[in-house]
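Following: one structure in structure tokens, then a few remarks.
The values are calculated or read from the model by the stated rules, or taken from the named source; none is laboratory data. These numbers were taken from a predicted model, which means no experiment stands behind them. In this analysis, Cβ positions are derived from the backbone assuming ideal geometry, glycine residues included, and neighbour counts consider all displayed protein chains. Surface accessibility is based on the protein's heavy atoms, side chains included, excluding ligands, DNA and RNA. Shrake-Rupley method; radii C 1.70, N 1.55, O 1.52, S 1.80 Å.
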Amino acid sequence: MGDMSNSDFYAKNQRNDSDRVAGFGCSVMELRSLMELRGTEAVVKLQEDYGDVEGMCTRLQTSPTEGLTGAQADLDKRKEIFGKNLIPPKKPKTFLQLVWEALQDVTLIILEVAALISLGLSFYQPPGDSSGAYCGAAAGGGEDEGEAEAGWIEGAAILLSVVCVVLVTAFNDWSKEKQFRGLQNRIEQEQKFQVVRGSQVIQLPVADIVVGDIAQIKYGDLLPADGVLIQGNDLKIDESSLTGESDHVKKEANRDPMLLSGTHVMEGSGRMVVTAVGENSQTGIIFTLLGASTEEEEKKEKKDRAAEDGHRNTDCSHPPIHPIATIATDGAAGINAPGSGSLINVKKQDGAAAMEMQPLKSAEGGETEEKEKKKPSVSKKEKSVLQGKLTKLAVQIGKAGLLMSAITVIILVLYFAIDNFVLQKLQWLPECTPIYIQYFVKFFIIGVTVLVVAVPEGLPLAVTISLAYSVKKMMKDNNLVRHLDACETMGNATAICSDKTGTLTTNRMTVVQCYIADVHHKLIPDPGLLPPKTLDILVNSIAINSAYTTKILPPDKEGGLPKQVGNKTECSLLGLVMSLKRDYQTVRNQMPEEKLYKVYTFNSVRKSMSTVIKLPDGSFRMYSKGASEIVLKKCSYILNEVGESRVFRPRDKDEMVKKVIEPMACDGLRTICVGYRDFSGNPEPNWEDENNILTDLTAICVVGIEDPVRPEVPDAIQRCQRAGITVRMVTGDNINTARAIAIKCGIIHPGEDFLCIDGKEFNRRIRNEKGEVEQERMDKVWPKLRVLARSSPTDKHTLVKGIIDSTMTAQRQVVAVTGDGTNDGPALKKADVGFAMGLAGTDVAKEASDIILTDDNFSSIVKAVMWGRNVYDSISKFLQFQLTVNVVAVIVAFTGACITQDSPLKAVQMLWVNLIMDTFASLALATEPPTEALLKRKPYGRNKPLISSTMTKNILGHAIYQLIIIFTLLFVGEKIFDIDSGRNAPLHSPPSEHYTIIFNAFVMMQLFNEINARKIHGERNVFDGIFRNPIFCTIVFGTFAVQIVIVQFGGKPFSCKPLDLEKWMWCVFLGLGELIWGQVISTIPNSRLRFLRRAGQLSKKDDLPEDDGNEDNEEIDHAERELRRGQILWFRGLNRIQTQIDVVNTFKSGTSFQGAGALRRQSSTTSQTQDVTNVSSPSHVSLSNALSSPTSTTAATAPPTTGRESDLCQSASLLSLLQRCHPALNTKFKKYIFSKQISVMVSV
């Protein structure tokens, strides 16, 4: 089978003859085999078969400089012969598959089985005419023939309601998958690539790239197709996604010209001719082979009916249409399928996200298969705040529901058995067995419905709806969410580390000041005032020493600003050339890109860019530009007022910094220095020796570039600060520029206690003598830090990690980070939420991020915070509503069953209530739009209970009201309404008016309580903004209408008897009472209800489960775990000794023992949040204090808990100190402790 499919796969590409006829000099297979070669082998093959790259371009009918003509007929022909640049996506799951998956729910299976048994038994008639003679009271009651025959209806109705639930669930899953495929397509359309067509550089969607296109590649690109390098400048590629090698590979046209799809450009720029696209590219071949083998596996599994493995390969969430050029989305399907064995998964590395190829399953691969079974989820990423809390809550509720349903069934069975066989002393007759079993099945169905109502299946649905709704709306607010949980995590953000350029500023840069020819010009000077020689060198330097892809184009609209394309800093310099009445394009035409001799591209280490050209006389000239402080240090000369170079002494440099650069920076300008250097042609310099090349420069000028603050940013930052979020600016700019911009933005305010430092000072403060980052030192810096200037990407990563790992605050900090460069990848991955820039961001940064800002604007981040908080609140609203229904329904079913042997709410009615409170309520409450009020409170934090004390008060308050009403109706309802009692009705008795009133009143109360549930912070006006949510209004009115139909026309299936208008009015009135009762509850202050304060509290231990806390997404090292266990025992031993010392010293000093105990207890309340593994904390006591003055120690110790946890946490301080001690000192310490223990025992 495998051989056949592979031969088919290759056969379709065997088109050599037709290719030749089509006029191309090479076939798909020839190009594919060429792209499989590397290095010298590839160069030799290229020369043998094609002559050189230009020969290949000739055969592919393209020009290396002008590209394809762009004629549609030619493009269509190329797509037909060489293929399109996309890989067909895997088929989505059909609706029937989703229905089948929904049917796998355990609770529904139990209900189905019970309903089928009930259905089967309802057709059984015991022998004889009077069943009462045989079976006693069990079969008694007012059944006429018609009613007895209608016994099948209950079973059928349960099956019908199960079908409804399954269809609703399947439809939700289907729409969810459709939505995320739409999101996937949106992301793909967003991704474009620069190609040359008809001599023009244009941006194309990656799917439109064809073989023969000339693609321009630059730093940060993710290559969309295979190609051969025509010309490159200092080009380095990260090929780890294909080879697994993390070292960057240097690419040169004459050494290793092969460029592969799916790899990242880490440095440099260049041009390549596209040789293979889509399924024929190297990544495409791997994807297709993986896809083929997956299909084979599926067919095999279907054949063998191996159910346990059936979904392993079919669960790939939503494969990208073009995986090569795709930013994969962790969508809903991915979340819902943790065990999905997708054969390619993105692996977190400290750089770009690399595609990890997992071994294919094969006959020999049994071992791998076993491992896969044992380890369903490789990724051990920390759960989001809400995920952790919801998982814990769902488990707790589920357990309680299971217990209640089990008790209900047991009580019903015992009651029935004792009543019939003990009190009435009936015999168990064989012919009565089906009737008895029918009763037991009825009891079982009641038990299962209690479980159905108790278990919050609607919770995942509410979360999904809320997140999906938010994600859709956030797109309109310029937030493209790639990972669903990032949306909710953003609501808990406590810190934002933002870039400056383009995020806080407009990223439309213009040169407004310059220092040239020994004069500081506050405005751009007239070109006539400048020495001609200086002007010529300056124009050549800027035009040549910039990426040729950077251009200034005419404005789109008349009277508009010129359009800046490419690097914005370079655009500002080209703008300066145009302001000096010169044309940069003329210079570039005289010196085309392929004639550039050597290019040192800009990177975060150099912080400068240099280009070498060969002059006509054989000598060389290097133009250089970069951050002013860095380039000026490398300058030994400067051009004077007549354009001649003079010596530039250190004293002159200091003076220039003080008089030119600092004033420019204080005006909020970025300063760039432009310089050059001449080299003799004989001997040719060693261009690889950068240190000797990039020195002895001659400074031409220093320019001040203005990048205005976005007008909406100061307000957005103010809103963040009001919402309890600290904004920090992390930039590569000069500290004075950064400080000036930070003041304009409102990040810092004069007179405040804050830190503005540069990268060098930051590293000096946080690192010890060995150069290692110490958390204690970091904790002294980050709380006050507001501006980090001249920072490297490593500094950004260190800062983010330091804030996240800090244990200074009671709540763990939740950090959001913005980034645009390739090197920002690690920081974006480390952050709780990574924002990449949609316009200025590189593909690598986008791939590492969680949310893409499509407008690069900081105010969009504030909207993300608002939506994140709204998700959290929506879930809380839904929980408040659902838990009220849960509590009431479970207690009613349980109590009713125990007292009257029957649940007042029937199985089908319970399923309808379940449908109201699950699907409809989650849709109604999870789609509430956000309001500004969300930004007027502090973040909830990780340890705050999901159900606040106000919510608990509401849940219990409304549950009490509803229970009083229902029990009143149940036990005295028949007297109030003067109707027949429905209690103790026989097995197939007709529906009673009594129980219909109970059911109707119950549903009415839920409907009106749904309005109450809209507010969770104790607000009085529950109708506030209700009409802004049309979905909510529709669902409330729709549910009301359906309830009328069910009661009036539901009949036997719904166990309902039609009610007259008066009884309907009473039911609605009882429902309206919920709104009045809600006002009564909100008047009760929470302080009076202290027992509610910790309701729903989730500890940190629950919040971050051990399995999922491993940030590196790797398996937990078992040896390390054993070591940790040993450490814990060592802590415990130390702690017990310390306690003994405390006791002895307390006795000696005559202090009451109670006092010491109180101190110990007091000190054991704060450390529940302290993680055992985070052992070093500044608040811990010093070793000498711990031993010499134990009494004071207990009072001073900050972290503590109760029992075993306090042992661990208090001892953590000692361990942290031990770890810093020399091993020998450690041994002495142990001996000392031992002797101390003996002396303690003697003292006692």
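Does PRO714 fit the bill of being under 37 Å from the mean Cα position of the chain (by Cα) and open to solvent by less than 70 Å² (accessible area, probe 1.4 Å)?
Working: under 37 Å from the mean Cα position of the chain (by Cα): yes; open to solvent by less than 70 Å² (accessible area, probe 1.4 Å): yes.
So PRO714 fits the description; yes.
Does TYR436 satisfy the condition of being open to solvent by 60 Å² or more (accessible area, probe 1.4 Å) and either among the hydrophobic types (A, V, I, L, M, F, W, C) or farther than 24 Å from LEU883 by Cα (or both)? Lay out the reasoning, then the answer.
Numbers: open to solvent by 60 Å² or more (accessible area, probe 1.4 Å): no; either among the hydrophobic types (A, V, I, L, M, F, W, C) or farther than 24 Å from LEU883 by Cα (or both): yes.
Against the criterion (open to solvent by 60 Å² or more (accessible area, probe 1.4 Å) and either among the hydrophobic types (A, V, I, L, M, F, W, C) or farther than 24 Å from LEU883 by Cα (or both)), TYR436 does not qualify.
If the requirement is being crowded, with 22+ Cβ neighbours inside 10 Å, in contact with a Cys (Cβ under 9 Å, 6 or more places away or on another chain), among the small types (Gly, Ala, Ser) and part of a helix (DSSP H, G or I), which of these qualifies: ALA889, ALA924?
Values: ALA889 fails: in contact with a Cys (Cβ under 9 Å, 6 or more places away or on another chain).
The match here is ALA924.
If I filter the range 265-283 down to residues being open to solvent by less than 10 Å² (accessible area, probe 1.4 Å) and touching a Ser or Thr at 6+ places or on another chain (Cβ under 7 Å), which single residue comes out as modelled with the highest pLDDT? Walk me through it before giving the result.
From the range 265-283, those open to solvent by less than 10 Å² (accessible area, probe 1.4 Å) are 265, 268, 270, 272-278, 281, 283; that's our starting set.
Among the residues that remain, those that are also touching a Ser or Thr at 6+ places or on another chain (Cβ under 7 Å) are: 268, 273, 281, 283.
Numbers: GLY268: 83, VAL273: 93, SER281: 85, THR283: 78.
Within the range 265-283, the match that is modelled with the highest pLDDT is VAL273.
Looking at the range 92-112 only, could you name the residues that are at pLDDT 75 or above and either under 30 Å from SER405 (Cβ atoms) or assigned to a loop (DSSP other than H, G, I, E, B) (or both)?
Step one: of the range 92-112, the residues at pLDDT 75 or above are 92-104, 109, 112.
Listed by number, the residues that qualify are PRO92, LYS93, THR94, LEU98, VAL99, TRP100, GLU101, ALA102, LEU103, GLN104, ILE109, GLU112.
Here is a yes/no grid of residues against (1) over 23 Å from ASN734 (Cα atoms); (2) not β-branched (Val, Ile, Thr):
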{"site": "ARG764", "(1), (2)": "no, yes"}
{"site": "LYS770", "(1), (2)": "yes, yes"}
{"site": "GLU774", "(1), (2)": "yes, yes"}
{"site": "PRO783", "(1), (2)": "no, yes"}
{"site": "PRO793", "(1), (2)": "no, yes"}
{"site": "VAL800", "(1), (2)": "no, no"}
{"site": "ASP805", "(1), (2)": "yes, yes"}
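Looking at ALA789, ALA840, which is the one that is open to solvent by 20 Å² or more (accessible area, probe 1.4 Å) and either touching a residue at least 40 places away in the same chain (Cβ under 8 Å) or under 28 Å from GLU629 (Cβ atoms) (or both)?
Numbers: ALA789 fails: open to solvent by 20 Å² or more (accessible area, probe 1.4 Å).
Testing whether each residue is open to solvent by 20 Å² or more (accessible area, probe 1.4 Å) and either touching a residue at least 40 places away in the same chain (Cβ under 8 Å) or under 28 Å from GLU629 (Cβ atoms) (or both) leaves just ALA840.
When only residues in the range 218-238 that are open to solvent by less than 10 Å² (accessible area, probe 1.4 Å) and part of a loop (DSSP other than H, G, I, E, B) count, which is farthest from LEU46 (Cα to Cα)?
The selected residue is GLY220.
Yes/no matrix, rows are residues, columns are (1) among the aromatic types (Phe, Trp, Tyr); (2) open to solvent by 10 Å² or more (accessible area, probe 1.4 Å); (3) within 26 Å of GLN721 (Cβ to Cβ):
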| site | (1), (2), (3) |
| --- | --- |
| GLU847 | no, yes, no |
| ASP855 | no, yes, yes |
| SER874 | no, no, yes |
| PHE894 | yes, yes, no |
| PRO930 | no, yes, yes |
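Surrounded by 15 or more Cβ atoms within 10 Å (Cβ to Cβ) and at pLDDT 80 or above - does that describe any residue in the range 174-190?
Checking the range 174-190: at least one residue is surrounded by 15 or more Cβ atoms within 10 Å (Cβ to Cβ) and at pLDDT 80 or above.
Identify all residues within the range 447-465 that are modelled with pLDDT under 75, more than 24 Å from the chain's Cα centre (by Cα) and in a helix (DSSP H, G or I); write none if there are none.
VAL448, THR449, VAL450, LEU451, VAL452, VAL453, ALA454
Being closer than 30 Å to VAL409 by Cα and of a type outside the set (Val, Ile, Thr) narrows it down to one residue among LEU451, LEU467, LEU480; which is it?
Working: LEU467 fails: closer than 30 Å to VAL409 by Cα; LEU480 fails: closer than 30 Å to VAL409 by Cα.
Among LEU451, LEU467, LEU480, only LEU451 is closer than 30 Å to VAL409 by Cα and of a type outside the set (Val, Ile, Thr).
Which is surrounded by 12 or more Cβ atoms within 10 Å (Cβ to Cβ) and either at pLDDT 85 or above or under 36 Å from the mean Cα position of the chain (by Cα) (or both), of VAL1003, VAL1045?
Numbers: VAL1045 fails: surrounded by 12 or more Cβ atoms within 10 Å (Cβ to Cβ).
The match here is VAL1003.
Per-residue answers, yes or no, for (1) modelled with pLDDT of 75 or more; (2) assigned to a loop (DSSP other than H, G, I, E, B); (3) of a type in the set (D, E, K, R):
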position	(1), (2), (3)
MET4	no, no, no
GLY25	yes, yes, no
GLU30	yes, no, yes
LEU34	yes, no, no
ASP74	yes, no, yes
LEU86	yes, yes, no
LYS90	no, yes, yes
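Within the range 525-561, restricting attention to residues that are over 16 Å from VAL674 (Cα atoms) and hydrophobic (A, V, I, L, M, F, W, C), which residue is modelled with the lowest pLDDT?
Per the stated criteria, the residue is LEU561.
Just the residues that are open to solvent by 10 Å² or more (accessible area, probe 1.4 Å) and either in a helix (DSSP H, G or I) or in contact with a Cys (Cβ under 8 Å, 6 or more places away or on another chain) (or both), please, taken from the range 752-763.
Scanning the range 752-763 gives LYS760, GLU761, ASN763.
Of these, ALA292, ALA253, ALA215, which one is assigned to a loop (DSSP other than H, G, I, E, B) and either touching a Gly at 6+ places or on another chain (Cβ under 7 Å) or at pLDDT below 80 (or both)?
Numbers: ALA292 fails: assigned to a loop (DSSP other than H, G, I, E, B); ALA215 fails: assigned to a loop (DSSP other than H, G, I, E, B).
Of ALA292, ALA253, ALA215, the one residue that is assigned to a loop (DSSP other than H, G, I, E, B) and either touching a Gly at 6+ places or on another chain (Cβ under 7 Å) or at pLDDT below 80 (or both) is ALA253.
Can you find a residue that is hydroxyl-bearing (Ser, Thr, Tyr), in contact (Cβ under 8 Å) with a residue 60 or more places away in the chain, assigned to a strand (DSSP E or B) and open to solvent by 30 Å² or more (accessible area, probe 1.4 Å) anywhere in the range 637-657?
yes
State yes or no: is ASN1009 open to solvent by less than 10 Å² (accessible area, probe 1.4 Å), modelled with pLDDT of 90 or more and closer than 19 Å to ALA926 by Cα? Give the steps one after another, and end with the answer.
Values: open to solvent by less than 10 Å² (accessible area, probe 1.4 Å): yes; modelled with pLDDT of 90 or more: yes; closer than 19 Å to ALA926 by Cα: yes.
So ASN1009 fits the description; yes.
I'd like to check something: does the range 260-281 contain any residue that is in contact with a Cys (Cβ under 9 Å, 6 or more places away or on another chain), of a type outside the set (Ser, Thr, Tyr) and either assigned to a loop (DSSP other than H, G, I, E, B) or closer than 24 Å to VAL44 by Cβ (or both)? Can you show your working first?
Initial filter on the range 260-281 (in contact with a Cys (Cβ under 9 Å, 6 or more places away or on another chain)): 273, 275.
From what's left, of a type outside the set (Ser, Thr, Tyr): 273.
Then keep just the ones that are either assigned to a loop (DSSP other than H, G, I, E, B) or closer than 24 Å to VAL44 by Cβ (or both); that gives 273.
Within the range 260-281, one or more residues are in contact with a Cys (Cβ under 9 Å, 6 or more places away or on another chain), of a type outside the set (Ser, Thr, Tyr) and either assigned to a loop (DSSP other than H, G, I, E, B) or closer than 24 Å to VAL44 by Cβ (or both).
Hey, THR503 hits all of (1) part of a loop (DSSP other than H, G, I, E, B); (2) open to solvent by less than 50 Å² (accessible area, probe 1.4 Å); (3) modelled with pLDDT of 85 or more but one; which does it fall short on?
Checking THR503 against (1) part of a loop (DSSP other than H, G, I, E, B); (2) open to solvent by less than 50 Å² (accessible area, probe 1.4 Å); (3) modelled with pLDDT of 85 or more, the one that fails is (3).
Name the single residue that is nearest to ILE285 (Cα to Cα) among those in the range 204-217 being in contact with a strand residue (DSSP E or B) (Cβ under 6 Å, 6 or more places away or on another chain) and open to solvent by 10 Å² or more (accessible area, probe 1.4 Å).
Selected residue: PRO205.
Test each condition in (1) crowded, with 24+ Cβ neighbours inside 10 Å; (2) without any contact (Cβ under 8 Å) to a residue 24 or more places away in the chain for GLY825 and report the one that comes out false.
So the condition that GLY825 fails would be (2).
Which condition does ALA827 not pass, out of (1) under 19 Å from TYR219 (Cβ atoms); (2) part of a loop (DSSP other than H, G, I, E, B); (3) modelled with pLDDT of 85 or more, if it passes all the others?
(2)
Taking the range 564-597, which residues are at pLDDT 90 or above, charged (D, E, K, R) and in contact with a Ser or Thr (Cβ under 8 Å, 6 or more places away or on another chain)?
GLU570
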